[in-house]
Structure formats: structure tokens, C-alpha cells
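Colleague: Quick one: this structure, given as C-alpha cells, is what I'll be asking you about.
Since every read-out is calculated from the coordinates, none of them should be taken as a lab result. None of these values were measured; they are calculated from a predicted model. Positions of Cβ are generated from backbone atoms using ideal geometry, with glycine treated the same way; all protein chains shown enter the neighbour counts.
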Amino acid sequence: MTTLRSTKRKFPLERTLSVLTTKLATLMAARLGPIAMDALQICLRFLSASQPMDAYAFIVDGSHYGVSDFPYAAYSMTFVGV
């Protein structure tokens, strides 16, 4: 139960930082004019559209690393830890 509570506490901070960063970028682009605002909107659309592909890439990369290099990673982490 404590893990669930600590996870819930992190999300408001992450959301707040995300909103503030987006707001700041929007305000800065608005001061530069309509071309900068259009460029910002295009970048934000691209970033939001590419998130599912990024997640898939991390899953595939982790799976390949776990399957192929697990013995090497286990020995190297043990060696570094000792």
C-alpha cells in the first residue's frame, strides 16, 4: 500500500513541471510571433505522435538486451559491485 501512495505523490509534481514547461515555451514562442507559434505547435504534435513508437523501441531494445547479453551484464554488474 505504501508504494501506491508514494507513486500517487509523484504525479502532481510531474504534471506541474510539464504544464509549466509547456506554458513557458508557449509564452516565449508567442513573444517571437506567429511563425514561432506555428513551429512550436508542429514540434509538440510531432513529440506527442512519436511517444508510442518510442515506448515500443524501449520495449524491443530491453527485450533484445535481456535475451542476448544477460550473462555479460550479470557478470559485469557483479564485478563492478564487488
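Colleague: Given labels modelled 7 Å from the Cα in the Cβ direction, how far is it in nm from I42 to H64?
Modeller: Going from the I42 label point to the H64 one covers 3.1 nm.
Colleague: Dividing the Cα radius of gyration by the Kirkwood radius, what Rg/Rh value follows for the chain?
Modeller: 1.20
Colleague: Specify the angular offset, from 0 to 90 degrees and rounded to the nearest 10, of the alpha carbon long axis of helix 2-32 from the longest principal axis of the alpha carbons in the chain.
Modeller: 40 degrees
Colleague: Helix-derived [θ] at 222 nm for the chain: sum -39500 (n - 2.57) over DSSP H runs of at least 4, divide by residue count, nearest 500?
Modeller: Result for the chain, helices only: -34000 deg cm²/dmol.
Colleague: Now for a different question. Can you tell me the 0 to 90 degree angle between the C-alpha axis of helix 34-68 and the longest principal axis of the chain, rounded to 10?
Modeller: On a 0 to 90 degree scale, this one is about 10.
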